[in-house]
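Bear in mind that the values in this text are calculations on the coordinates, not laboratory data. As the structure is a prediction and not an experimental result, all values here were calculated from the model. Please note: Cβ atoms are built from the backbone with ideal geometry, for glycine as well, and neighbour counts cover all protein chains shown.
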Amino acid sequence: MVDLDEIARSVQKAGKNITKRIIICAGTGCVANGSIKVFESFLNAAKELGMDVHIELREENSGTFLSKSGCQGFCQKGPLVNILPAGILYIRVKVSDVKEILEKSIKNEELIDRLCYTDNGKVCKGQDEIPFYKKQHRMVIKQCGIMDPENIKEYISIGGYRAAKKACAEMTDKEICDVVLESGFRGRGGGGFPVGKKWSLARSQSASKKYIICNGDEGDPGAFMDRSVMEGNPHGVIEGLIIAAKATGADEGYVYVRTEYALAVKRMKKAVKDATDIKVLGKNIFGSNHNFTLHVMEGAGAFVCGEEIALIASVEGKRGMPLPKPPFPAQSGLWGKPTTINNVETLAAIPMIINYGADVFRKIGTVSSPGTKTFALTGHVLNTGLIEVPLGSTLRQIIFDISGGVTDEKGHVKDSNFKAVQIGGPSGGCLTERHLDLSLDFDSLKRVGAMVGSGGLVVMNKSTCMVNIARFFMQFTQNESCGKCVLCREGTKQMLLMLNDITEGKADENTIPLLEKLAKAVQIGSLCGLGKTAPNPVLSTLKYFKDEYDAHVKEKRCPAGECANLISYRITDKCVGCTVCSMKCPVKAISGERGQKHKIDVIKCVKCGICMQSCKLNAIEKA
């Protein structure tokens, strides 16, 4: 039996002579920006400077410990370098900065201002001073930016697997289900179904074989919460799976990860192997009579496989397609056996509930939606990235306090430029200025026709065409439809064609009523969640931005100036006849003598916008 306390002591003993720690963010975003090269540069530069910098904790090692972490959240500012215990966070670190960091911040504990984040001119030393971090409540992703995700011993040293041990060795399956039910914890995969109820249903099934599946098939555009948790804290996900398996009676599980998440796949596989090697997974874990084996399976990238039945079909080697319910997976799932499916974030939060109890968990969030929620914040905001806030927080707090405000087309903060937020990806809906103070929880969002969904938040400014946004999401869901049911397969296709007509100026007065009627039919009659929620972006934009649809159809005009077929350009009196625009125009649609105001031939113009982009005097504008 694994001795967690002994492992924790060995880690603490090995690191007793370490005085500083440099943590390089090695989440996907920072890796793409060169953080691995930065990591290697620290080793090379330390050697050149004769400094003690180590990548392994050993009793004979002293000085500075260099390690990698998962996503630290501040994705837009990567590569990120965190220095402890000084609490320094450096942003956009380049290889050329490494030597200076070692000489100044590690040797002499000096702060390098130019590498720090600045808030309205104020230099922020670290996360405690940066609004993006200090206004969050990080629980699920707290360790992602600190811990080495590929080191199981470090996870154990900070209390890892204690909840799994408690659940397996000290609690009955009913007691686990009761605690989770009492906590009010609702699944973070989108629908917000009570986790304790789902587990209790699976627990009550009489079967010699049961399964548990972690749904890591995160496919929403702009969403990367589950990926970041798997990359940054894979053992937290495994611990949640062990507890869920004990509660439901499962002895075998699968972590289903989309194959595009190469780093998450790699780290999950290593974590499963390491946990198996030290007997955290396997037979009679933690000295109990509970057996649990775990596999990592790569999905082929089909969005529909995020739906439970389609996911199960994919694991079985079949084409991912939904089936009518009941029976539910908890009754008859993988290979006809009772199966429990939870998403990554749900499972990663479970150890906290077991460790601290239902009452402590309920103190965060709202009465009906306790706990926190991670969001992938993207779009027209100053700071994008991965955040975690209590459920019940508002859009105003997230957009203006945490992310730093709404930006215009040039990246300047202009809060009055806020237009809308798409929440929950293609399955969600649009929220507007009137919803800025709405409580972001499962029930409040459902009442206004939106949903938490996976947790994607795409902020849009006034330069965004809402009809085009609806068209974008409809194109995505239409492409991802498995084609099994007619309403989803044909309905989404026809909705997309109508949206294309609207954005191209081909729609007539019957198009919008027909679009709305068809959207409601698809919503009611589709077989699975993909089809039922596919019309949400259309219906929500029709509800809150009907005037934009009308302008496209009745006036053949795009108010945001985004739909190419409905745009025309004109040259204003600012023109001094420099001829730059006429030389840049690919179809020679601009004419005029040097020194005189030019003209655009609207017949020849292909509306590419190059003329407006090339004019340094801003003399060309959209008509």
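Computed over the Cα atoms, what is the radius of gyration of segment 372-464 divided by 2.2 N^0.38 Å, N being its residue count?
0.97
Taking 2.2 N^0.38 Å as the expected size of a compact globular protein, what ratio does the Cα radius of gyration of segment 467-554 give against it, to two decimals?
0.99
Along the principal axes of its C-alpha atoms, what lengths does segment 76-178 span, in descending order and rounded to whole Å?
That works out to 55, 29, 21 Å along the principal axes.
Name the residues whose placed amide hydrogens come within less than 5 Å of the amide hydrogen of LYS68, ignoring near sequence neighbours (fewer than 5 apart) on the same chain.
Residues meeting the criterion, in which the H sits 1.01 Å from N, are ILE24.
Taking a cut-off of 13 Å between Cα atoms, list the aspartates and glutamates near LYS622, but don't count ones fewer than 8 places away on the same chain.
Leaving aside aspartates and glutamates fewer than 8 places away in the same chain, those within reach of LYS622 are GLU562.
What full-extension length gain, to one decimal in nm, is calculated for ALA169 and LYS462 as 0.36 nm per residue of separation minus the Cα-Cα distance?
99.8 nm
Please report the projected area of segment 289-432's Cα convex hull averaged over all directions, in nm².
The orientation-averaged projected area of the Cα hull of segment 289-432 comes to 12.5 nm².
Distances over 17 Å make up what percent of all Cα-Cα pairs in segment 167-225?
53 percent
Provide the gained length on full extension for the span ASP119 to ASP508, in nm with one decimal, where the gain is 0.36 nm per separating residue minus the Cα-Cα distance.
Gain on extension, ASP119 to ASP508, equals 135.1 nm.
Among PHE545, LEU530, HIS598, whose Cα lies farthest out toward the positive end of the dipole of segment 498-612, if unit charges sit on the beta carbon of Lys, Arg (+1) and Asp, Glu (-1)?
The residue sitting most towards the positive pole is HIS598.
Per residue of segment 305-313, what does 6.51 cos²θ - 1.76 cosθ + 1.60 with θ = phi - 60° give for ³J(HN,Hα)? Whole Hz please, x for Gly and Pro, Karplus curve as stated.
Listing the rounded values in order: 6, x, 7, 4, 5, 5, 4, 4, 4 Hz.
Counting each DSSP H run of 4 or more residues in the chain as -39500 (n - 2.57), what helix-only mean residue ellipticity at 222 nm follows after dividing by all residues, to the nearest 500 deg cm²/dmol?
Computed mean residue ellipticity for the chain: -10500 deg cm²/dmol.
Given Cβ point charges of +1 (Lys, Arg) and -1 (Asp, Glu) and nothing else, what value in debye, to the nearest 20, does the dipole of segment 568-622 about its Cα centre take?
It comes to approximately 80 debye.
Grab the beta carbon distance between LYS574 and ARG594, set R0 = 22 Å, and tell me the FRET efficiency rounded to 0.05.
Using R0 = 22 Å, I get an efficiency of 0.85.
To the nearest 0.05, how large is the calculated FRET efficiency for GLU59 and GLU260 if R₀ is 51 Å and r is the Cβ-Cβ distance?
With R0 = 51 Å, the Cβ-Cβ based efficiency is 0.80.
Roughly how tilted is helix 466-480, in degrees to the nearest 10 and between 0 and 90, from the longest Cα axis of the chain?
Here the helix axis deviates by roughly 50 degrees.
Once R0 is set to 22 Å, what does the formula 1/(1 + (r/R0)^6) return for the Cβ-Cβ distance between ALA300 and ARG489, expressed as a FRET efficiency to the nearest 0.05?
That gives a FRET efficiency of 0.70.
If you stretched the chain out fully between GLU6 and LYS554, how much longer would it get, using 0.36 nm times the residue separation minus the C-alpha to C-alpha distance?
Taking 0.36 nm per residue and subtracting the Cα distance, the gain is 189.9 nm.
Stokes-Einstein at 25 °C, 0.890 mPa s, Kirkwood radius from Cα pairs: D for segment 365-421 in µm² s⁻¹?
205 µm²/s
Identify the GluC sites (Glu not before Pro) of segment 25-121 meeting these criteria: DSSP loop state and at most 13 other C-beta atoms within 10 Å of the C-beta.
Counting only loop positions with at most 13 other Cβ atoms within 10 Å, the GluC sites (Glu not before Pro) in segment 25-121 are GLU56, GLU59, GLU60, GLU109, GLU110.
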